[in-house]
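The numbers here are math on the coordinates, done by the rules we state, and not lab data. All values reported here derive from a predicted model rather than from experimental measurement. Virtual Cβ from ideal backbone geometry, glycine too; neighbours counted across all protein chains shown.
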Amino acid sequence: MFFVSKKLSANLLYLLALAVCFSLVGQIQAQTKKSTAKNQTTAKKTDNKKPTKESAASSKDKSKSKSQDKNAKNDKNSKTSDKNSKDKNAKNDKNSKNSKPTKAELAKQAEQKRQEAERQAAAKKAEEARRQAALAEQRRREQAAREARERQLAFERGLRTETQSNIANDNTEGEDMEVRRAAVNALGNHAGTVVVMEPQTGKVLSIVNQDWAIRRGFKPCSTIKLVTGVAGLNEKVIDQGGNIQTRRFPMNLDDAIAHSNNSYFQTVGASVGNERMISYARALGLGQPTGINADNETSGRLPFGNNNARIYSHGDDFEVTPLQLAVVVSAISNGGKLVVPQIPKTKIEKTNFRGFMRGEVSIPQQNLQRMLPGMIGAVNYGTAQRASDPALNIAGKTGSCIGQGSWVGLFASVAPVVNPQLSIVVITRGSGERGKYASEIAGKIYKALDHRFVDSRDYVAKVPLEMKPQQKIDAKASHQLDKDEGEDSDEGDAPKPEPKKTAPKNENTKPIFEPIIIETNRQKTRPRVVTDKP
């Protein structure tokens, strides 16, 4: 019993000693930690008072790292927020799709679909209507074009039919049948008329399609430039060198006639004026019957009161006959004699025919013959080259323009230039007619009758030097000066001049052709190169 108690006491003492030991060890450790913490605090305060470069850099890196971590965290939060927002929207959309529309919404959707279908149907219908309208317009234009072509063809056929009918009904009494055959063959299938006359006597050798030649007036087109040129020379608007004195123009009279330059003659005509132009036209036989021994001759027409420059280049408001043009070119080439065309109908008239003359043109001979070089140039290198014959010196002037609803082609000519024996005038009508083709017809007639000339080469050799043209400007340069309008075109005319101021008419007004001036000029002219036929 005593032994057990002693042993228990020893154990208790041992446990108590262990407890005391653990307690002492814990106190020692606590004091050690406290001392360590105090030392660390002291060291930290010392470091804060005296920071080093390394510590500053380390602090800066830590701050930067902390800022980057914060930004990364914010970006992460932002992305997470966006994702959540998208998920939420997607969920809402899904819920919205899954939700059943109401009857009102269904009705509204159906109405919108119906309206859209109606709009599409209306647009399709309008597009189809436009397409049909375009097709209808195209068909209408094609039909109108076909009808216009048919009308034009019918008009062309009518002109040719009328020409053939007129030729068949021509009164050939007194005509030279060889000349007539040559003229009819040269005219061929063209709708037109031909006059062949002796320029020194007025003897008519043949008139093909007499109704058009005697009783029908035509727009003269550029053949009126012969009158404008004569008027310009006599009024001293053009000098003997062919230059315009009132205005510097890069072309002379010869090339202006040869290439049918509209601007040149419009400039000249503007200086001459309407009244004087009409006076010269009448002096050369226009605007009045020629006096031919045939019925119902027309007198033509003159452009009274028209101050447009086109009357001097295109012949607007003029009407002339082939017979009148034959008289004009004859007067230019024969020294100023105004012949009266006559058809000798009996053998006695043919045998004793000496010609009829109305008188002499009150214009100096030198001004008339000054037109011949340009007319020769027209045949040699200008608008009438199709009439050229190397063995025969032909002088002429073409004309091409629109008149009386169709193109008109004209050519007025004489040959040979020295001692002229034939005057040939051709006028054709039709969509394809031009002055150059009319000159070709005349050229064929000259060629068919060249055996009638004694020696055509002698006539070429006898042409005076002053009558031989010297080309200075070619056709291309002429057209450029004419604003690319081409021969006798209806486009690109020179600007319309201001109306010319004229003095009021009174009893003391001088006549246009003063006898004293004409007599003085005649004394200064050179001897005539034209001789009358015996």
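Under 15 Å from a label point set 7 Å out along the Cα-to-Cβ vector of LYS476, no amide N atom of region 233-262 is found. Taken about its Cα centre, region 86-240 carries a charge dipole of about 2360 debye when Lys and Arg each add +1 at the Cβ and Asp and Glu each add -1 at the Cβ.
With r as the distance between the Cβ atoms of ALA117 and GLN138 and R0 = 45 Å, compute the FRET efficiency 1/(1 + (r/R0)^6) and round to 0.05.
Details: r = 31 Å, r/R0 = 0.70.
The pair GLN138/ALA117 has a calculated efficiency of 0.90.
Using θ = phi - 60° in the Karplus curve 6.51 cos²θ - 1.76 cosθ + 1.60, the 3J(HN,Hα) couplings for region 197-209 round to 9, 7, x, 9, 10, x, 5, 7, 8, 6, 10, 9, 6 Hz; x is entered for Gly and Pro. Extension gain for the segment PHE353 to GLN109, taken as residue separation times 0.36 nm less the Cα-Cα distance, is 77.1 nm to one decimal. Assuming a ≥ b ≥ c are the square roots of the Cα gyration tensor eigenvalues, decide whether region 112-240 counts as rounded (a/c under 1.5), prolate (otherwise, with a/b larger than b/c) or oblate. The shape class here is oblate. Once the C-beta distance of ALA448 and ALA126 is scaled by a Förster radius of 56 Å, the resulting FRET efficiency is 0.25 to the nearest 0.05. Given their separation in residues at 0.36 nm each and the Cα-Cα distance between them, ALA17 and MET177 gain 39.8 nm when the chain is fully extended. Among residues other than GLY305 with Cβ under 11 Å from its Cβ, the summed charge is -2 (Lys and Arg +1, Asp and Glu -1).
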